[in-house]
Amino acid sequence: MREGAKEVSEGRYRETFGRAFEDFVVGHIYEHRPGRTITDADNVWFTLLTMNTHPAHFDYEYAKKTEFGKPLVASPLTVALMVGMSVSDVSQKAVANLGWDNIRLTNPLFPGDTLYAESEVIEKRESSSRPEQGIVTVKTIGKNQHGQVVCTFSRTMLIWKRGFGPSDD
């Protein structure tokens with residue numbers, strides 16, 4: 001049997017995902033892979049889906065006149081991709097996201113760039129009101145293919161402890 005699977009009955013295996021509260025260690029860093037190359041279609045679709053009408057994201061003629069000279073990836077798309085990339089490592093066993101803090105967009109991201117993310121566990125504590133759950137805070141860093149940091153944020157989640165929650169039944 002491979003790591004990441006558990007036997008649920010004789011000869012039958014279920015793939016497992018994520019980390020239980022007990023698996024998090026303050027100071028550990030989880031590199032989220034694979035990376036994600038953002039296409040022009042991703043960016044335009046996201047701006048239309050979210051009703052973000054700023055032309056810097058989808059009007060090439062407008063974008064040529066900006067300091068960047070080309071369309072920018074919509075910043076909420078960058079955050080959404082980083083969160084999505086981190087799910088299997090940090091929130092697959094979450095009960096809920098409790099909040100995002102200190103979102104910083106430190107360098108531009110453009111269609112055609114590849115985004116990579118990693119999360120460091122910065123805080124972990126027992127829940128005072130839910131003994132079967134704990135609270136974990138991570139700092140997630142997004143970098144482009146050149147290693148430039150493009151976005152950072154902290155995310156706090158309520159996480160099931162081992163033996164509890166819907167994935168452990």
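The values are calculated or read from the model by the stated rules, or taken from the named source; none is laboratory data. This structure is a prediction, so every number in the text was calculated from the model and none was measured. Cβ sites come from the backbone with ideal geometry, for glycine too, and all protein chains shown count toward neighbours. The protein model used for the area step is the full one, side chains on, heavy atoms only, and it has no ligands, DNA or RNA in it. Shrake-Rupley method; radii C 1.70, N 1.55, O 1.52, S 1.80 Å.
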Original post:
In segment 7-161, what percent of the accessible surface is made up of carbon and sulfur (1.4 Å probe, ligands and nucleic acids excluded)?
Top reply: 51
Original post:
Quick one: length gained pulling residue 66 to residue 107 fully straight, 0.36 nm per residue minus the C-alpha distance?
Top reply: 13.3 nm
Original post:
Classify segment 99-169: rounded, prolate or oblate, from the alpha-carbon gyration tensor (a ≥ b ≥ c, eigenvalue square roots; a/c under 1.5 rounded; otherwise prolate if a/b is larger than b/c)?
Top reply: prolate
Subject >> Per-selection Kirkwood Rh - segment 10-60 (Cα, Å, 1 d.p.) >> reply: 15.5
**OP:** Pop out the ³J(HN,Hα) list for segment 66-79 in order, Karplus 6.51 cos²θ - 1.76 cosθ + 1.60 with θ = phi - 60°, rounded to Hz; leave Gly and Pro as x.
**Re:** 8, 5, 8, x, 7, x, 9, 5, 4, 4, x, 5, 4, 4
Original post:
Dipole magnitude of segment 92-160 about its Cα centre, charges +1 at Lys/Arg Cβ and -1 at Asp/Glu Cβ only, in debye to the nearest 20?
Top reply: 60
**OP:** For residue 40 paired with residue 9, estimate the spin-label separation in nm (one decimal), with each label point 7 Å from Cα along the Cα-to-Cβ line.
**Re:** 5.3
Original post:
Under the rule of -39500 (n - 2.57) per DSSP H run of 4 or more residues, summed and divided by the residues of the chain, what mean residue ellipticity at 222 nm is obtained, to the nearest 500 deg cm²/dmol?
Top reply: -4500 deg cm²/dmol
Original post:
Nearest 0.05, what FRET efficiency do residue 16 and residue 51 give at R0 = 35 Å with Cβ-Cβ as r?
Top reply: 0.40
Subject >> Rounded to whole Hz, the Karplus (6.51, -1.76, 1.60) HN-Hα couplings of segment 13-18, x for glycine and proline >> reply: 10, 10, 5, 10, 9, x
Original post:
Can you work out the FRET efficiency for the pair residue 129 and residue 87, with r the C-beta to C-beta distance and R0 = 35 Å, to the nearest 0.05?
Top reply: 0.90
Original post:
Relative to the longest principal Cα axis of the chain, at what angle does helix 40-49 sit, 0 to 90 degrees, rounded to 10?
Top reply: 80
**OP:** With N denoting the number of residues in the chain, provide Rg(C-alpha) divided by 2.2 N^0.38 Å, to two decimal places.
**Re:** 1.21
**OP:** Enumerate the amide H contacts of residue 13 below 5 Å, restricted to partners 5 or more residues apart or on another chain; note that Pro and chain-start residues carry no placed amide H.
**Re:** 8
Original post:
With every protein chain left in place, what is the accessible area per residue of the chain in square angstrom, probe 1.4 Å?
Top reply: 58
Original post:
What is the total of Lys pairs in the chain with C-alpha atoms under 18 Å apart, excluding same-chain pairs fewer than 8 positions apart?
Top reply: 7
